[in-house]
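Peer 1: Below is one structure. I have some questions about it.
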Amino acid sequence: MSETRWLTSCEQEVWRAFITAADALTDQFARQLQRDSGMPYTYYEILVALSEAPNRTLRMSELAGARGSSRSRLSHAVARLEEAGWVTRSTCPTDKRGSFAQLTEEGFAALEAAAPGHVTEVREKLFDVLSAEQVGQLGEISKAILRGLGVPDPPGCPAGEPGR
């Protein structure tokens, strides 16, 4: 067994600042969505993923992967979204064990209503406090972390849009 590579005091400081900032941002975004839209952050993320999918439909297993969620947790959230009329679920015609989630018009309308407040919060709490150079660095750092976790790189910023 190899010896533990302990964090240096500087690495500890960076780690703690990073995790505190990430948690604080997520908490802030969750509070804003709940306060302004009555919607949990998890539900918002599901609606966004479905809104960006072809025909606003994803296989439940793909949706779970896209959200980094367990299938049972996702199934519970989708059941709540079904109750609200924002999502419908259907079985897969080629695999009876599989099912699809589809965003309804009501769900898309709820997402459209919630999005401006959420985007404003993201802009104010994240992007407005960083320089254009820092935004670019944050993007590169985030991609490096994702690669280290085995997650493929998300698309980059459009040409001519340096970090903003």
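Peer 1: Relative to the longest principal axis of the C-alpha atoms of the chain, give the angle of the C-alpha long axis of helix 9-37, reported between 0 and 90° and rounded to the nearest 10°.
Peer 2: Around 30 degrees separate the two axes.
Peer 1: Match the structure shown to one of the listed values (1) 41, 38, 31; (2) 53, 45, 33; (3) 46, 32, 30 of Cα extents along the principal axes in Å, computed from it, and give that label.
Peer 2: For Cα extents along the principal axes in Å, the calculated option is (2).
Peer 1: Rounded to the nearest 10 degrees, what's the angle between the helix 105-125 long axis and the longest principal axis of the chain, both from Cα atoms, 0 to 90?
Peer 2: It is inclined by approximately 10 degrees.
Peer 1: If you don't mind, there's one more thing I want to ask. Using only Cα atoms, find the angle between the long axis of helix 41-51 and the longest principal axis of the chain, and express it within 0 to 90 degrees, rounded to the nearest 10.
Peer 2: 70 degrees
Peer 1: Quick check on the chain: helices-only [θ] at 222 nm, where DSSP H runs of length 4 and up contribute -39,500 (n - 2.57) each and the sum goes over total residues. Nearest 500, please.
Peer 2: When only DSSP H runs of four or more count, the value is -20000 deg cm²/dmol.
Peer 1: So which GluC sites (Glu not before Pro) in the stretch 1-93 end up in coil per DSSP with only 15 or fewer other C-beta atoms within 10 Å?
Peer 2: Glu3, Glu52
Peer 1: How many angstrom lie between the C-alpha centres of the stretch 80-128 and the stretch 6-52?
Peer 2: The stretch 80-128 and the stretch 6-52 have Cα centres separated by 18 Å.
Peer 1: Within the stretch 113-155, which GluC sites (Glu not before Pro) sit in a loop by DSSP and count at most 15 neighbouring Cβ atoms inside 10 Å?
Peer 2: Values: sites: Glu121, Glu124, Glu133, Glu140; in loops: none.
Passing both the DSSP loop test and the Cβ count: no residue.
Peer 1: Counting other Cβ atoms within 10 Å, keep those with at most 15, restrict to DSSP loop, and tell me which trypsin sites (Lys or Arg not before Pro) in the stretch 1-99 are left.
Peer 2: Arg5, Lys96, Arg97
Read-outs: derived from the displayed coordinates by stated rules, not from any lab. Here the structure is a predicted model, which means the values were calculated and not measured. Backbone-built Cβ (ideal geometry, glycine too); neighbour counts: all protein chains shown.
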